[in-house]
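The structure appears below as structure tokens.
Every number in this text was worked out from the coordinates using simple rules, so none of it is lab data. Please read these numbers as outputs of a predicted model, since none were measured by experiment. Neighbour counts are summed over all protein chains in view; Cβ atoms, including those assigned to glycine, are modelled from backbone coordinates with ideal geometry.
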Amino acid sequence: MLQLPPLALYIHIPWCVKKCPYCDFNSHGQKGALPQDDYVGALLRDLEQDLPLVWGRTVTSIFFGGGTPSLFSAGHIAAILDGVAARIRLRPGLEVTLETNPGTTEFDRFGGYREAGVNRISFGVQSFDDGCLARLGRIHDSAQAERAVKLAQDAGLDNINLDLMYALPGQNLEMAELDVQRALDLSPAHISHYQLTLEPNTLFHARPPSGLPDEDGAWDMQERCQALLAEAGFAQYEVSAYAREGRQCQHNLNYWRFGDYLGIGAGAHGKLTLPAEQRILRRWKTKHPDAYLAAAGSPQAIGGDEALEPAQLPFEFMLNALRLGEGFDLGLFEQRTGLGREAIMPALRSGQIRGWLAEEGDHWRPTPFGARFLNDVMASFLPD
């Protein structure tokens, strides 16, 4: 039987100063003044429309993603959080993350964000090499990135994540190592370190940049940077996530453990467990900001609903859970999918024989070999 998992809230703010050539998120370059007041109202109407799906439940984390949420003023972020708190129960002391572009930050905003209820900042640094940043199309330089992090810390925000990318155009192993070291010098609580990929429907996919490291070069960067992070006391708890003790991102852990999340905002996605109906629902909102603003709170703002079929659930669960170094318990699979463990045992045994998966009682996790070929491991759980 399906059991209710924790519930998170994702809030999408779709605007950015300039669309980066590698970005495949629903983001739109800013043209003139942002409709902040109108968008706050639209978000709250959107939430109200979804509330019947989650009556009586408590939100355990909130994440503002984008786009660039830090384009919104502290007052508008406060209005969103106050409006959310007036409509749904929030767990006391819950993690509230705001994604931030280092090129759009000011000291007084960090103090205002903290007063509004934000207690975790995620900086999209990507690199501390100005040449790499320029080739990535970023609007900030390394000095601005360092200054922004220090401003946030001075404002009393100590739960800080730095996003870093590797295998960048023109990057070599020494440059990748230096990026990690400069990040560590800023004493963040969390570092996300992931490889640049050329996603479909991006400028980089249509016109790949020159100077990209080959597969072996990228692997060398990953291994060396993993070692640097481990030496500095950062435990790798997910494929691309490293944290000091007790500073794992609770919002993302909920995703990876196949928890539930409401998604509000233009193009936002949600996943909700409905035990009374014994089904799991995915819902997403219309993508374009203008269309969303015009329709938020009405059925026209719902881009689609999809009830996951039982045959899809093993892959959907593993797509998340196998990203975690800790792996998963069979009991968690049963609770989060409503399926018996026999639905995945053949694929688990096959993965064990291939050296991809390790068994410890009812607990399964990827081996180091399996972690290197994780896409193949996940694909083994696809329906026939």
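A few comments on the model shown:
- Dipole axis of the stretch 7-254 (+1 Lys, Arg; -1 Asp, Glu on Cβ), positive-most option in MET165, LEU133, LEU9: LEU9
- At an R0 of 35 angstrom, the distance between the Cβ atoms of GLU326 and ARG89 translates into a FRET efficiency of 0.80.
- About its Cα centre, the stretch 311-379 has a charge dipole of approximately 240 debye under the convention of +1 per Lys or Arg Cβ and -1 per Asp or Glu Cβ, with nothing else charged.
- Computed lengthening from TRP219 to ALA294, 0.36 nm per intervening residue step minus Cα-Cα distance: 22.4 nm
- Size estimate for the stretch 311-379 follows the Kirkwood approach: the inverse of mean 1/r over distinct Cα pairs works out to 11.8 Å.
- P(r), alpha carbons of the stretch 7-254 - 5 Å bins starting at zero, rounded %: 1, 6, 13, 17, 19, 17, 13, 8, 5, 2, 0
- At full extension, GLU342 and ASP37 could sit 104.7 nm farther apart than now, given 0.36 nm per residue minus the alpha carbon distance.
- Packing-based exposure ordering (other Cβ within 10 Å, fewest first) of THR286, THR367, THR97: THR367, THR286, THR97
- Dipole of the chain [Lys/Arg +1, Asp/Glu -1 at C-beta], most positive-end residue of LEU212, TRP55, GLY246: TRP55
- Residue order, fewest to most beta carbons within 10 Å, for GLU48, GLU215: GLU215, GLU48
- Under the convention that each Lys and Arg Cβ holds +1 and each Asp and Glu Cβ holds -1, the size of the dipole of the chain around its Cα centre is about 780 debye.
- Take every Cα pair under 8 Å whose residues are at least 6 apart in sequence, average their separation, divide by the length of the stretch 189-257, and the relative contact order is 42 percent.
- Note on ARG45/ALA276: beta-carbon distance plugged into 1/(1 + (r/R0)^6) with R0 of 30 Å gives a FRET efficiency of 0.75.
- Here TYR39, TYR237, TYR194 are placed in order of increasing Cβ neighbour count within 10 Å, fewest first, which gives TYR194, TYR237, TYR39.
- Cleavage-rule hits, GluC sites (Glu not before Pro), the stretch 99-134, DSSP coil, Cβ neighbours within 10 Å at most 16: GLU106
- Extension gain, ASN201-LYS150: 0.36 nm per intervening residue step, less the Cα-Cα distance, totals 14.9 nm.
- Normalising the average separation of contacting C-alpha pairs (under 8 angstrom, six or more residues apart) by the number of residues puts the relative contact order of the stretch 288-375 at 24 percent.
- Here the stretch 59-213 is treated with +1 on each Lys and Arg Cβ and -1 on each Asp and Glu Cβ, and its dipole about the Cα centre works out to around 520 debye.
- Relative contact order %, the stretch 7-254, counting alpha carbon pairs below 8 Å whose residues are six or more apart: 19
- For the chain, cysteines whose Cβ has no other cysteine Cβ within reach (under 4.7 Å): CYS16, CYS132, CYS225, CYS249
- Pairwise label distance in nanometres, GLN181 with SER350, each label 7 Å out on the Cα-Cβ vector: 4.6
- Two-site label geometry, SER240 and GLN226: point separation in nm, points 7 Å out along Cα→Cβ: 1.6
- For LYS19 and PHE369, the FRET efficiency from 1/(1 + (r/R0)^6), where r spans their Cβ atoms and R0 equals 35 Å, is about 0.40.
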